[in-house]
Amino acid sequence: SFVLAFVTGIFLFIIWISRVQLDEELAHYRIFFSESVSGIGVGSDVRFSGIKVGRVSHIDFDPDDPRRVEVTIEIIADTPVREDSYAMLQLQGITGLSFVQIFGGSPESAMLPKVSGGEIPIIRAQESKISELVKSAPDLISQTSLVVNRAGQVLSQENAQNISLVLADL
């Protein structure tokens, strides 16, 4: 009887947990990223100002522009997504995994309307800081190379001898 009561309790607990998740109303939004979305997948977190509010439900190419990636998210319906809210990919620790971060926008801005008839509203995307860093890497490398070359010129054999003579005079 103890085992039967335990199994029944587990079964009722599972039903209760699934019912809680089914009662939660979700809103769907689309985001079009013009950068690589590596690190996120279906089921990845969606956060609103750092708070987990949903998950990525679908990832696909933009049928109108193959340079963009369409990410569909489902989040808690009462999340205050406004017309000037924007989404950005962010790293989750040092694992290489990413999540979608939505930034709230201004309080004066209107709420993003929920469109009926199967049309999913769009949250605009901003380029992530990681992508900006990767794009600026060639410039950073050329600047570093320039600094190393100039340091080599300053520390040339002739300048080293001149510095030695100045130090000897001092």
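The values are calculated or read from the model by the stated rules, or taken from the named source; none is laboratory data. Since this is a predicted model, take the numbers as computed values, not measurements. Cβ sites come from the backbone with ideal geometry, for glycine too, and all protein chains shown count toward neighbours. The protein model used for the area step is the full one, side chains on, heavy atoms only, and it has no ligands, DNA or RNA in it. Shrake-Rupley method; radii C 1.70, N 1.55, O 1.52, S 1.80 Å.
Condition first: charged (D, E, K, R) and part of a loop (DSSP other than H, G, I, E, B). Now tell me which residues in segment 56-85 satisfy that.
Taking segment 56-85 first, the residues charged (D, E, K, R) are 60, 62, 64-65, 67-68, 70, 74, 78, 82-84.
Passing the criteria: Asp62, Asp64, Asp65, Arg67, Arg68, Asp78, Glu83, Asp84.
Would you pick out the residues in segment 140-170 that are under 44 Å from the mean Cα position of the chain (by Cα) and open to solvent by less than 100 Å² (accessible area, probe 1.4 Å)?
Ser142, Thr144, Ser145, Leu146, Val147, Val148, Asn149, Ala151, Gly152, Val154
Is there a residue in segment 67-84 that is in contact with a His (Cβ under 6 Å, 6 or more places away or on another chain), touching a residue at least 40 places away in the same chain (Cβ under 8 Å) and either open to solvent by less than 20 Å² (accessible area, probe 1.4 Å) or not aliphatic (A, V, I, L, M) (or both)?
Restricting attention to segment 67-84, the residues satisfying the condition of being in contact with a His (Cβ under 6 Å, 6 or more places away or on another chain) are 72, 74.
Now restrict to residues that are touching a residue at least 40 places away in the same chain (Cβ under 8 Å): 72, 74.
Checking which are either open to solvent by less than 20 Å² (accessible area, probe 1.4 Å) or not aliphatic (A, V, I, L, M) (or both) leaves us with 72, 74.
So far as segment 67-84 goes, yes, one or more of its residues are in contact with a His (Cβ under 6 Å, 6 or more places away or on another chain), touching a residue at least 40 places away in the same chain (Cβ under 8 Å) and either open to solvent by less than 20 Å² (accessible area, probe 1.4 Å) or not aliphatic (A, V, I, L, M) (or both).
Considering only segment 47-57, I want to know if a residue exists there that is closer than 15 Å to Phe33 by Cβ and in contact with a Pro (Cβ under 9 Å, 6 or more places away or on another chain).
no
Only one of Ser38, Ser34, Ser44, Ser57 is of a type in the set (S, T, N, Q) and crowded, with 18+ Cβ neighbours inside 10 Å; which?
Numbers: Ser38 fails: crowded, with 18+ Cβ neighbours inside 10 Å; Ser34 fails: crowded, with 18+ Cβ neighbours inside 10 Å; Ser57 fails: crowded, with 18+ Cβ neighbours inside 10 Å.
None of the others qualify; the one that does is Ser44.
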